[in-house]
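Heads up, the thing below is written out as C-alpha cells.
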Amino acid sequence: MKAKKLAVLIGFLLHAWGSFANAAELTIRLEDPPPNGFVIFSLFDSANTFGDLRDPVKIVKLPLDGREAYNLGNITPGEYALLAYFDENNNDRLDKNFIGIPKESLGFSNRYQPKGPPSYSRALFKLKKGENRHFDVTLYRPLGDYGRLGLGLGLIARSSPYRDYSSGVFQVIPAITYNGERFQVYGPYAQFGLVGSGKVRLAATGNYRIGVYEEDESLYLKGMGDRKDTFMAGLSLQAELPRGVDLSVGYTHDILDEIGGGTVRLELKKSFQLGIFRLSPTIAVNWLSSELSNHDFGVPTNKATLGRPAYDLDDTFTTEGGLGLFIEITRDWLVVINASMEILGDSITDSPIVSEDNVFKGFAAINYVF
C-alpha cells in the first residue's frame, strides 16, 4: 500500500516537474513607469475576453520599485495577449469610466496602443516551450487628458415599408465621436453618465431621428406631408451581465415636438472579436407611443382619401435584431457600422400606407481619431 502511494507521489512530482520544465516566461520592461505603487500584468488567451479586458488566464501583481524589468514565470506555452496597467488606487482591478473605457494607465504587448476596443490579433504573440519572451511596454491613458475626439463622415439609412415608395431614406452627416469621463458622442447618438459606473449605471441619452418618409416618393402618401427630423432624449439604465452581455432599458421622448410621444427600448448585446473586427449582435424590443406610431404609420381623418382610408394606432410594439461592426483599420482610422432589421407588428402592417412587415435601418461611419 505504501509502495502504491509512493508511486503516485513520484508520478505527480514528475508530471509537475515536466510542466515546470516546459513552462515559458515573459520579461517585461516598462518605459517611464510611475515611481511607486503597483503594476498588474494580465494574460489573455481569448479574443472575446481580451476585447472586454475581462477574465484573464493569469494575473501577476508586482510593486513598482525601480527594477529594470519584471518577470512572469511558469506560463503554459501557447498564444496570448498581454495587458499591463498601473493600479493607481491599489484595488486590484482595472478601473473604468462610466462607459467602460479604462481610466488607469495601461499598455499592451507588441507596443499596441488602440484608440477603441482592443483587438486581440494586434497584441497577440506566441510562447514556445521554455521560451523567455521580452517586451517593452509604454503605459498610456486611453482617453488622454481631455478625452478622445474623432472626426469623419457618416451615413444614416432606412428602408421604406410604405406602399410604392420609390426608395429608402438616406442622410449624410458629419461623423463626430467623443469619449470622455462621462460624456460620449457616437454619430447620431449621445449619452452622459449621471449615476454609477461599471456594472450598473444611469445615463441621460439622446439620438437624432431622421424623417421616415417624404410624401412625393409615393402616390399613397400624397398630401400626408413630409415627416421631419427630430431629436429624441431621455434616460437609460445600463448593466453589465456575466459573460460580457450588456443590458439596457431606456425611454426617449421627442423634445422638439416634431412627432410627439416617445419610445421605450429593451436591448441585449454581446461583443465578439474576429481578427481586427469586433462584432456585436443585438436583440431588442421597442414600445412606440400612439403619437409616434400614428406619426410614422397612421392616416389622420383629415388626410384620408378614397384610396387611403383613415387609420389610427394605439401604442405598438416592434422587435429588432441587429449587428454592430467595429473595424480598426489602423491605430487612427476606425470604421463603425450598425445595421438592424425591425419587425413591425400587425397593427402597423394593417395600415393602408404600409406594404412591408419590416424595416432595415443603420448607420455607418469612417472616423479619424486624434
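A short reminder: the numbers here are calculations on the coordinates, not readings from a lab. Computed from a prediction, not measured in an experiment: that's the story for all the values here. Cβ: placed from backbone, ideal geometry, glycine included. Neighbour counts: every protein chain shown.
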> For the chain, what is the mean residue ellipticity at 222 nm derived from helices alone (per DSSP H run of n ≥ 4: -39500 (n - 2.57); sum divided by total residues; nearest 500 deg cm²/dmol)?
Replying inline: -3000 deg cm²/dmol
> Out of 284, 143, 175, whose Cα points farthest toward the positive end of the dipole of the chain (charges: +1 Lys, Arg; -1 Asp, Glu; placed on Cβ)?
Replying inline: 143
> In 5 Å bins starting at 0, how do the alpha-carbon pair distances of the stretch 256-370 split up by percent?
Replying inline: 2, 10, 16, 16, 15, 12, 10, 8, 6, 3, 2, 0
>> How charged is the neighbourhood of residue 318? Take every other residue with its Cβ under 12 Å from the Cβ of residue 318, and add Lys/Arg as +1 and Asp/Glu as -1.
In response: -4
>> Below 12 angstrom from the Cβ of residue 286, what's the summed charge of the other residues (Lys, Arg +1; Asp, Glu -1)?
In response: -3
> If you wrap the stretch 153-281's Cα atoms in a convex hull and average its projection over all directions, what's the area in nm²?
Replying inline: 10.0
>> Using +1 at the C-beta of Lys and Arg and -1 at the C-beta of Asp and Glu, which of 236, 28, 323 has the Cα lying farthest in the positive direction of the dipole of the chain?
In response: 28
>> Please report the net charge: other residues with Cβ closer than 15 Å to the Cβ of residue 116, K and R +1, D and E -1.
In response: +4
> If the cut-off is a Cα-Cα distance under 21 Å, which lysines reach residue 222, setting aside same-chain residues fewer than 8 apart in sequence?
Replying inline: 303
>> Restricting everything to alpha-carbon atoms, can you work out Rg to Rh for the stretch 29-116 with a Kirkwood hydrodynamic radius?
In response: 0.93
>> To the nearest 20 Debye, how big is the dipole of the chain about its Cα centre, given +1 on the beta carbon of each Lys and Arg and -1 on that of each Asp and Glu?
In response: 2080
>> When the expected Rg is taken as 2.2 N^0.38 Å, what fraction or multiple of it is the alpha-carbon Rg of the stretch 148-369?
In response: 1.07
> Which value results when the Cα radius of gyration for the chain is divided by 2.2 N^0.38 Å?
Replying inline: 1.28
> Near the amide H of residue 103, under 5 Å away, which other amide H atoms are found, from residues 5 or more places off or on another chain, if H is placed in the peptide plane?
Replying inline: 95, 96, 97
>> For the stretch 337-355 and the stretch 188-264, what is the centre-to-centre distance using only Cα atoms, to the nearest Å?
In response: 17
> Which of the GluC sites (Glu not before Pro) found in the stretch 67-121 are loop residues per DSSP with 16 or fewer other Cβ atoms within 10 Å of their Cβ?
Replying inline: 68, 88
> Calculated FRET efficiency, residue 61 and residue 155, Cβ-Cβ r, R0 51 Å, to nearest 0.05?
Replying inline: 0.65
> If contacts are Cα pairs under 8 angstrom and at least 6 residues apart, what is the relative contact order of the chain in percent?
Replying inline: 13
